[in-house]
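Structure first, commentary second.
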Amino acid sequence: MTETLFLTTRWYNKKGPVQSGPLPVIPIKSSVEMHQIFLTFDSLMIQLYRLTGYTLVDFFLGTFVLALAAKIIGELTSSMAFLAVRQYIEKSTDEMVRFQNLSVDALTVGDGATYTACNKLANDAFGKTFFMQVSLSAALLWPVPFVLAWMQSRFSDVEFELLFTDYSVGYLCIFITLYAAAYLIFKRIKYRVPYFREMAEIMAGYRKRAREMKSLADLLPPRRV
Amino acid sequence: MTKKSWIMISLVVAAAIAATLVTAFPADAGKLEDAIAKTPQGVEKGMIDQSAPPGFMGIPGAPRTFWLYGILWGIWVGWIFSSVGAFGGVMAGVGHITVFGLADYGNTFKQTNPTLNKLLTDSIRVCNQYLVGLSAVISSLTYYRMGRLVLPLGLCLAGGGILGAYLVPVLTAGKINLSMYVGYFGLVVFAVAGVLFYETTPRGQASKKAAKAAAKAFEDANIRKTTAGSEQAAEWARGVHVTQWGLTKIVFTFYGAEFSFNPIWPIIGGFVISAISAFIGVGGGFLYVPFLTSIAGLPMFIVAGTSALAVLVSMITSIFSYMFLKSVPVDFLLIGTELIGIFIGSILGPVTSKNIPEVWLKRLFVVLALYVGIGYLTKGFLGKSLLPGM
């Protein structure tokens, strides 16, 4: 690989001893060869790691921008996938809510057999929607492994020493942390985009449907204040 | 969800991470490179040819999956997830073990470099877990928001889950060779086939029909009355009694219907389920749900929330343990292409389910599961698959 990343802070290189304090600029190469698929995008993606000229800042900033991009692309594809199977999800959710509520109603009149029957059907419907959600989640997450694969070929030898310990973390831990940050930030700003606002309204409808599910707590007598 | 619930769930997640980090030791850097370096160099089986193009995890000469095959297999997995359910997770594993040729490749190192053989086993496990587990975590979060969690029960499950998901990677990573792994995977496939088969039998079908009939009859006869007046509902509600509350048994009744569970069972259940999930490399949601409904007999709204919490906590612990404690490498590119396929497949599932009856889909997968199960069991424990293609 011709490109190198320069770190100028506390650092830990797998192949050498732990060092600390301001360091001379040291090239750190990855030991993982870059896949052909990334060679096309590599020159563009590495520009994200040269935004300020300060190596450490660039590493975190570049990784954060990639994490945010992965989050936004994932949100877009997952919302499109959701719209494509909306009818199916609506049907399963209705079924789930209906049988769940019936099971609770059966309990209120002391009909144990009907409770068991309705509970089984509610769980079947829950299973359907659960696995549907599992596969739809792939639409949200697919950009993440691609970013990680690229980072693996770029930064697999980069490790940061955890302060006051002998432990170190690599690119994976940094990315996951920044992806969580990107998730929280994007959650707050996405409703300013009309498309995501519309999606949020649709999702709010589902949450309302879910709230219509009765629980055993609904059977409890009201608390006396 | 209340603020208290958020605080509690944050505490549980933090405990899972802390459990891993507290016991952490410096990562075994360069594990894969070391294993490759210690393997005999050459072009024969069980050797590594450094001049060969890199394949799985960048190993020279390892099977190299054309990206389109990853997507196509993902479509198949996603389609099964959205049409039949848990069997999709099994198929994700079959892809890594058989279709992409990783088990056969790993087995060539059984004699020449057992470390590389076991490292490939761990990598397959983590790839399975990434593929299925991460998606399961997202959907679990959704259900957690929807469901109404019984926190003490969820915490009992999660407590056992953390232990299982921590111990299995720590005790077995680097120790399970591919043959053993394939054999145990075959056992799990048989278990899934058994459940699917029961659902297709006349008895399984009849119980579902009977349940639907009972639900319909109840709906027609009682539902209007039940919701008719709040006074009457309040009168019924006064029949709720917690009759026993203790460390060994919690009992509550509703007008004659009695529920009870021993808190130790969720802990043991959580431990066993998360241990199996971490060992095979799956999410575990498909085991938590039947455990909570069939064994504990709990209502659906409790199951949704508690299984979500349990999956979330045990997945975080397991992936952290594999990745950070044991430095197991994964092929992110393969996972990425498969995820694209899964999301395409998840859209196709509802389309085809309109035209193919669910029972016939299940029958098809019973046959497939039996084939895979027999193939893997014989390959893993007898050394050679009785069936071709495995």
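Observations on the structure shown:
- Of everything in the range A:75-95 that is in a helix (DSSP H, G or I), of a type in the set (A, V, I, L, M) and facing another protein chain (nearest Cβ under 7 Å), the residue that is farthest from residue B:351 (Cα to Cα) is A:81.
- Single match in A:128, A:187, A:120 (criterion: more than 9 Å from every other protein chain (Cβ to nearest Cβ) and either open to solvent by 20 Å² or more (accessible area, probe 1.4 Å) or among the aliphatic types (A, V, I, L, M) (or both)): A:187
- Check on residue B:215, in contact with a helix residue (DSSP H, G or I) (Cβ under 8 Å, 6 or more places away or on another chain), surrounded by 14 or more Cβ atoms within 10 Å (Cβ to Cβ) and free of Cβ contacts under 8 Å to residues at least 24 places away in the same chain: yes
- Test result for residue A:106, open to solvent by less than 10 Å² (accessible area, probe 1.4 Å) and either at pLDDT 90 or above or of a type in the set (Asp, Glu) (or both): no
- Of the residues making up the range A:105-117, those that are facing another protein chain (nearest Cβ under 7 Å) and assigned to a helix (DSSP H, G or I) are A:105, A:106, A:107, A:108, A:112, A:113, A:114, A:115, A:117.
- Per the conditions (1) touching a Ser or Thr at 6+ places or on another chain (Cβ under 7 Å); (2) surrounded by fewer than 19 Cβ atoms within 10 Å (Cβ to Cβ), the sole criterion not satisfied by residue B:367 is (1).
- Residues of the range B:61-83 satisfying the condition of being in a helix (DSSP H, G or I) and either open to solvent by less than 30 Å² (accessible area, probe 1.4 Å) or on the phi > 0 side of the Ramachandran plot (or both): B:70, B:71, B:74, B:77, B:78, B:80, B:81, B:82, B:83
- Any chance residue B:101 is open to solvent by less than 10 Å² (accessible area, probe 1.4 Å) and more than 11 Å from chain A (Cβ to nearest Cβ): no
- Number of positions in the range B:366-390 that are within 17 Å of residue B:77 (Cβ to Cβ) and either at pLDDT below 85 or of a type in the set (Asp, Glu) (or both): 0
- Top-ranked residue in the range B:29-58 [being among the aliphatic types (A, V, I, L, M) and surrounded by 14 or more Cβ atoms within 10 Å (Cβ to Cβ); ranked as nearest to residue B:114 (Cα to Cα)]: B:35
The values are calculated or read from the model by the stated rules, or taken from the named source; none is laboratory data. Note that the structure is a prediction, hence the values are computed from the model and not measured. Every residue, glycine as well, gets a Cβ built from its backbone with ideal geometry; the counts of neighbours run over all protein chains shown. Just so you know, the surface numbers come from the protein's heavy atoms only, side chains and all, with ligands and any DNA or RNA stripped out. Shrake-Rupley method; radii C 1.70, N 1.55, O 1.52, S 1.80 Å.
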